[in-house]
Amino acid sequence: MKVIGDGEFSQRFGYTPSIGKIREIPEGLKEFLSSYQVVVCMDYYDVSVHCCLVHPNVFILTNENLPYNSIYCSGQAYENRRIIQEKAQHFIAVSRSVEESLVIEGVERDRITTIPFWTAVGEDYGVDFISPEEKKDFREYLVSSLNRDFILLYVGRNAYHKGIELLEEVVRGSALRDKVGLVLVGMEEEFLSENVLRIRKMGRDSLLKYYCCSDLLILPSFLTNTWAEQFGRVLVEAMACGLPAISTDYGGPRDIVVNGETGFLIPPQNRYALEGSVLRLFRDRDLLWRMGLNCISRYFSVFKKDLVSAKIDECYQRFYREGVK
């Protein structure tokens, strides 16, 4: 079966990630795609609209987990979404919240298959990505920099809805100030302020050192009118390195973190739940250690690249519509 993803031809036909605009179908697109049995597109971009209009076997891989919302999905964006949902052969949702969003919008459940994003962490080295000596040295660097021996890690954009402000308030509060240090990766500026170290975005291999040498990953995102945590790939990357996580009980994280086994799911924007969860694992290192082992097991049984790829291939085979070369 010949399969092509939109990333392999978007530039060739002049596509950009545009949701609210539409243009004429580029000359030659239909002929180009006719040699492929399956076309895979990401979300509701203009390339997805055009592919759905010229090819009968378009699979939409989507992480959109908010139903139609007039604040961000109106006008042409709404029309694009309607066309795709009518004409796409099948949808691959990356989480159950995405699946439910599609159902609310009217997509039949038998046209949806839920398969998580995969991630290849250090070519699946995970916890063995760095040597014990390197881990010891880098761990000592973090502890000495923050003057704390329990390290919390956040990885992501410096955006309000990611909950960073709340996270900083919690680690600087009276209950945790003298106990934990916080590393924020993905910031615009780099500086150290008391027990919080801010670092700019970095490459995957450099980031793995932080996963392997921290004690907890924190992803305290919260829902807004136009956004919800769509998946949380950093949770999977941390999981591959044996790093438990505390995250919001909403959207993508619900499918990744097993509450009480690989970390904790907490209500969004709840300072007391976040503080209490960190304190519990700070005090119970045996539980933290068991969660780390559970993380590695879950990564290799659910999120490893070859497992996810096999599920996607099976989805293509199962829902492929006959009649295309």
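So here's what we get for this one:
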| item | result |
| --- | --- |
| Among residues of region 190-210, those that are farther than 23 Å from Tyr160 by Cα and either charged (D, E, K, R) or surrounded by 13 or more Cβ atoms within 10 Å (Cβ to Cβ) (or both), counted | 4 |
| Filtered residues of region 173-189 (kept if surrounded by 11 or more Cβ atoms within 10 Å (Cβ to Cβ) and touching a strand residue (DSSP E or B) at 6+ places or on another chain (Cβ under 7 Å)) | Val180, Gly181, Leu182, Val183, Leu184, Val185, Gly186, Met187 |
| In region 222-272, the residues that are in a helix (DSSP H, G or I) and surrounded by fewer than 19 Cβ atoms within 10 Å (Cβ to Cβ) | Arg254, Arg271, Tyr272 |
| Pairs where the first residue, in region 22-46, is closer than 21 Å to Arg321 by Cα and the second is modelled with pLDDT under 95 and among the aromatic types (Phe, Trp, Tyr), C-beta under 6 Å, 6+ apart | Leu29/Phe13 |
| Condition broken by Arg23, with the remaining ones in (1) part of a loop (DSSP other than H, G, I, E, B); (2) under 22 Å from the mean Cα position of the chain (by Cα) satisfied | (2) |
| Test: Tyr211 is among the aromatic types (Phe, Trp, Tyr), assigned to a helix (DSSP H, G or I) and either in the same structural domain as Arg290 (by TED's automatic domain parsing) or in contact with a helix residue (DSSP H, G or I) (Cβ under 8 Å, 6 or more places away or on another chain) (or both) | yes |
| Subset tally (residues that are under 11 Å from Arg198 (Cα atoms) and modelled with pLDDT under 95) for region 169-187 | 2 |
| Number of positions in region 214-260 that are under 12 Å from the mean Cα position of the chain (by Cα) and farther than 16 Å from Gly156 by Cβ | 2 |
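The values are calculated or read from the model by the stated rules, or taken from the named source; none is laboratory data. Predicted model, so just to flag it, every value in this text is computed and none were measured. We place every Cβ from the backbone using ideal geometry, glycine too, and count neighbours over all the protein chains shown.
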